[in-house]
Amino acid sequence: MFGSSSTYEVQVRREGRWRIEATFTEEGPALSSARGQMTGRGVEEVKVTKYRALAGMALETVLFQKKTPEIKNKPLALGGSAEGAPYCLDADDLYGFEARVVIGRLLSQFLDKFHITTTELLHSWTYVRKLDEQGTLMGAAIHAAARHHADMRGVAVPGRVRELRAFADVAMTRARDFLAERKRLPAFDIQDLAGSSRAIDYAVGVDGHDFVFLAQLSLHLADNNSLVGKLETLLNLLHDDSEPRHFALIDGVMADALGSADVVKDLLGAQPNLAMGLCVLADHLHGRDPDPNAEPASLLLARICDLALRGRAPQCRAVLVDRIRRSLNGQQPLDRRDPKAEAHLVDLVSTRLKGADGRPLGGAEVDKALARRLLRHRQNLLREQGMYDIADRLSGR
């Protein structure tokens, strides 16, 4: 009459529904199993319930119950400034090179998260919708561009925001309409770009060619989850006899990919410091033989820079040169492990940036960036010695 027996159920809640994962006759293994379930995918809550039969009655006791910690994704933020944002007059201007560069900078966190380029974003309803679902991210980018235009042109920010939002809505509608009409458009043969272009011209007219071509190309790239992999795919589409318009369009997509700092780092390889990375990039852009003492860069970088040297990839060249300028304008030392070597490294980088004609990549802007670096280095040395007034006077304070 007074005998009893106990069982222990491990229960797990997923998507709001409880289910029994396991049953034990001892408490220790049940608790151990429950703690192990806490790390399972999609698990929201775990509990261990003890059932005890006593004198014909069933007693239920919850011994352990715990919710898994909520992992909140950090909201995406703007990745840079709207510096250089062109004053777009209509939605078509959003697809231009300068506009894409700024879009890529502002939305870099979003683009890096989904491993896509600005061109893919502008031509894909899937990603345009995801961006719109981010909440304030698109609005923040639009406001940043509007404030830049207000500073440069004296326009009112609210009115400019409304104009830019209207342009963005047009771009979203185009991407959605393409998805709806895609089945009615001619098949896109990635191995026959010339034939595909002729079919697109016939279907939508010459004026509509570029949007449809890039939208079809973006669909082809969607299966590749690596920007470096997409670069390789795009490079393999280009041949010496490729049509100029294909070179121009594909150069634009590759330039978008090169706007990612991580992509450039991957192409440069494991360089020991920022200075050597800039020197290796300069050598490739000038078409010089690589430094035998430097870490070898990716063959993809050599191929891209070769196209740039031959004038076939001007947008790629512009993005890589701008990467040099931005790196020099940044606060990162040219060698983190030896900040005192900054002056020597500034001189080294300055020499390697110069071409056979003696002019540096990036022109006067890069010269100014190098001068500012040297000035900061001298000021730091003076401040380390307690000469704050002299350091301040160097900067004109």
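Treating cross-link reach as a plain straight distance, find the lysines whose alpha-carbon is under 30 Å from the alpha-carbon of Lys113, omitting any fewer than eight places away in the same chain. Once the sequence-local lysines are set aside, what remains near Lys113 is Lys67, Lys72, Lys74, Lys130, Lys183, Lys230, Lys265. Among the GluC sites (Glu not before Pro) found in segment 25-57, those both in a DSSP coil and sparsely packed, with 14 or fewer other Cβ atoms within 10 Å of their Cβ, are Glu26. Using the rule -39500 (n - 2.57) for each DSSP H run of four or more residues, divided by the residues of the chain, the 222 nm mean residue ellipticity is -18000 deg cm²/dmol.
Just report the Cα centroid separation between segment 164-180 and segment 281-326, whole Å. Taking the Cα centre of each part, segment 164-180 and segment 281-326 sit 35 Å apart. Across the options Ile324, Ala341, Leu307, the greatest Cα extent toward the positive end of the charge dipole of segment 263-378 (unit charges at beta carbon of Lys, Arg, Asp, Glu) belongs to Ile324.
Charged side chains reduced to their Cβ positions (Lys and Arg at +1, Asp and Glu at -1) give segment 7-140 a dipole of some 780 debye around its Cα centre. Each of Leu76, Ala297, His286 was placed along the dipole of the chain (beta-carbon charges, centred on the mean Cα), and the one lying farthest toward the positive end is Leu76. Across segment 50-186, Cα-Cα pairs more than 25 Å apart make up 41 percent of the total. Of all segments of the chain bounded by chymotrypsin sites (Phe, Trp or Tyr not before Pro) found in a DSSP loop with no more than 15 other C-beta atoms within 10 Å, the longest spans 88-397.
Karplus-based coupling profile of segment 105-116, in residue order and whole Hz: 6, 5, 9, 4, 5, 5, 5, 5, 4, 9, 6, 10, with θ = phi - 60° in 6.51 cos²θ - 1.76 cosθ + 1.60 and x standing for Gly or Pro.
Surface composition of the chain: carbon plus sulfur atoms hold 51% of the accessible area, using a 1.4 angstrom probe and ignoring ligands, DNA and RNA.
Taking a quarter of the surface of the Cα convex hull of the chain, what do you get in nm²? Mind dumping the intermediate values first?
On the way: hull surface 126.6 nm².
Value for the chain: 31.6 nm².
Per-residue extension of 0.36 nm, minus the Cα-Cα distance of Arg372 and Asp392, leaves a gain of 5.8 nm for this segment.
Give, to the nearest whole percent, the P(r) tail of segment 222-360 beyond 21 angstrom, counting all Cα pairs. Here the long-distance tail beyond 21 Å is 42 percent of all Cα pairs in segment 222-360. Protein heavy-atom accessible surface, 1.4 Å probe, per residue over segment 179-322: 48 Å².
Stokes-Einstein diffusion for segment 123-224 at 20 °C, viscosity 1.002 mPa s, with a Kirkwood radius from C-alpha pairs, works out to 138 µm²/s. On a per residue basis, segment 12-144 carries 58 Å² of accessible surface, using protein heavy atoms and a 1.4 Å probe.
With charges set only on the Cβ (+1 for Lys and Arg, -1 for Asp and Glu), what does the dipole of the chain come to about its Cα centre, in debye to the nearest 20? Mind showing how you got there, number by number?
Details: 54 positive and 53 negative charges, 277 e Å.
Dipole size: approximately 1320 debye.
The values are calculated or read from the model by the stated rules, or taken from the named source; none is laboratory data. Quick caveat: nothing in here was measured; it's all calculated off a predicted structure. We place every Cβ from the backbone using ideal geometry, glycine too, and count neighbours over all the protein chains shown. Please note that ligands, DNA and RNA were not included when accessible areas were found on the heavy atoms of the full protein model with its side chains. Shrake-Rupley method; radii C 1.70, N 1.55, O 1.52, S 1.80 Å.
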